[in-house]
Amino acid sequence: MVAGRDRVVLLAKRTGSTCGIGPIEKERMNQRRKVLVTGGAGLIGSILLPRLEEHYEVTSFDLRPAPGVRSIVGDLTQMEATEAAFAGQDAVVHLAADRSAEALWDSALRNNVVATYHVFEAARRTGVKRVVFASSQHATGAFYREEPWKHIVAGEFSRLQHGGYPLLDESCPIRPDGYYGVSKACGEALGSYYLDYHNLSSIHLRIGWVLSENDPTFSPFALSLWLSQRDLGQIMRCSLETPRRFGIYYATSDNRWKIWDIRRAKAELGYAPADGAGEQFVLGLPPVRDR
């Protein structure tokens with residue numbers, strides 16, 4: 001049972017979020033900024049695009065068209081195609097990747113590291129003002145092996161006191177749990193470099209688990225990592241609208257048995273999660289599309 005489904009957060013009707021957006025920002029939004037989403041035809045892209053379309057002029061860039069959305073078909077591993085797709089865009093949301101946590105090195109290198117370099121370099125060349133990078137909690141996933149957080153992964157909630165154990169925040173060292181996590185940490189490093197040496201702004205979201213059926217009750221791990229579909233839309237909008245030039249943030253809903261601390265995202269981005277997973281689960285497999 002997901003506790004957050006009964007909880008209502010009143011969001012500004014015009015902005016659709018609580019990102020601290022003022023009059024100047026509202027006027028800018030009314031001009032329908034152009035946002036390109038890489039991987040728009042993928043799982044997260046298909047969830048996110050309709051939410052962004054309410055506020056921006058959205059284009060998908062992927063290996064196949066995204067249904068119902070203006071789409072450019074192309075390959076991020078090809079710089080020329082990437083640069084052509086980025087021309088004229090105000091911001092880029094970079095979702096495209098080999099999204100398997102068990103990705104092999106050759107795939108992670110090509111689809112996650114090289115492709116992400118192309119994103120930042122093409123953004124620099126074409127004058128894109130903001131990149132929002134879909135990083136991952138897997139950049140620090142080795143912490144799942146340690147006390148007390150391994151008890152959350154195992155669903156041993158009775159061994160912990162709610163609120164009585166430390167949360168992990170963005171000051172923790174990079175500790176990837178696979179080549180996928182390594183590739184996401186590399187993307188964060190690229191963002192830092194492109195800010196310092198090319199003045200390109202980027203926000204990096206260490207996304208938890210976005211689910212096609214929006215229901216994390218099949219495992220305790222999912223309960224901890226869940227980012228609901230509407231919270232996904234909100235934190236992405238906050239990341240596009242924040243005046244901050246750079247930042248790395250954990251992005252989950254306000255789950256009861258969380259591992260990652262989302263207070264920085266709340267304080268610096270204005271993120272106000274509307275949902276939160278509880279502690280009830282029936283152990284099973286994730287939906288097919290989420291495996």
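A count restricted to the stretch 43-90 and to residues that are surrounded by 22 or more Cβ atoms within 10 Å (Cβ to Cβ), within 17 Å of residue 134 (Cα to Cα) and of a type in the set (Gly, Ala, Ser) stands at 2.
The set of residues in the stretch 260-280 that are part of a loop (DSSP other than H, G, I, E, B) and touching a Leu at 6+ places or on another chain (Cβ under 6 Å) comprises 261, 277.
I want to confirm something. Restricting to the stretch 47-87 and keeping residues that are of a type in the set (S, T, N, Q) and either part of a helix (DSSP H, G or I) or over 17 Å from the mean Cα position of the chain (by Cα) (or both), which single residue is nearest to residue 111 (Cα to Cα)? My answer is 77. The set of residues in the stretch 60-89 being over 28 Å from residue 287 (Cβ atoms) and hydroxyl-bearing (Ser, Thr, Tyr) consists of 77, 82.
Considering only the stretch 116-128, I want to know if a residue exists there that is loosely packed, with under 14 Cβ neighbours inside 10 Å and either touching a residue at least 24 places away in the same chain (Cβ under 8 Å) or not β-branched (Val, Ile, Thr) (or both).
Going through the stretch 116-128, the residues loosely packed, with under 14 Cβ neighbours inside 10 Å turn out to be 127.
Filter once more, keeping what is either touching a residue at least 24 places away in the same chain (Cβ under 8 Å) or not β-branched (Val, Ile, Thr) (or both): 127.
Yes: one or more hits.
Anything in the stretch 56-98 that is of a type in the set (S, T, N, Q) and touching a strand residue (DSSP E or B) at 6+ places or on another chain (Cβ under 9 Å)? List them, or say none.
Across the stretch 56-98, the qualifying residues are 59, 60, 71, 82, 89.
Which pairs have Cβ atoms under 7 Å, sit 6 or more apart or on different chains, and link a residue in the stretch 187-198 that is part of a helix (DSSP H, G or I) and among the hydrophobic types (A, V, I, L, M, F, W, C) to one that is at pLDDT 95 or above and surrounded by 13 or more Cβ atoms within 10 Å (Cβ to Cβ)? If the second residue must be at pLDDT 95 or above and surrounded by 13 or more Cβ atoms within 10 Å (Cβ to Cβ), the pairs left are 190/116; 190/117; 190/120; 195/201; 195/202; 195/246. From the list 135, 171, 224, pick out the single residue that is hydroxyl-bearing (Ser, Thr, Tyr), in a strand (DSSP E or B) and at negative phi. Criteria check complete, one pass: 135.
The values are calculated or read from the model by the stated rules, or taken from the named source; none is laboratory data. Predicted model only: the values in this text are computed from it and were never measured. Glycine also receives a Cβ, built like all others from the backbone with ideal geometry; neighbour counts cover every protein chain displayed.
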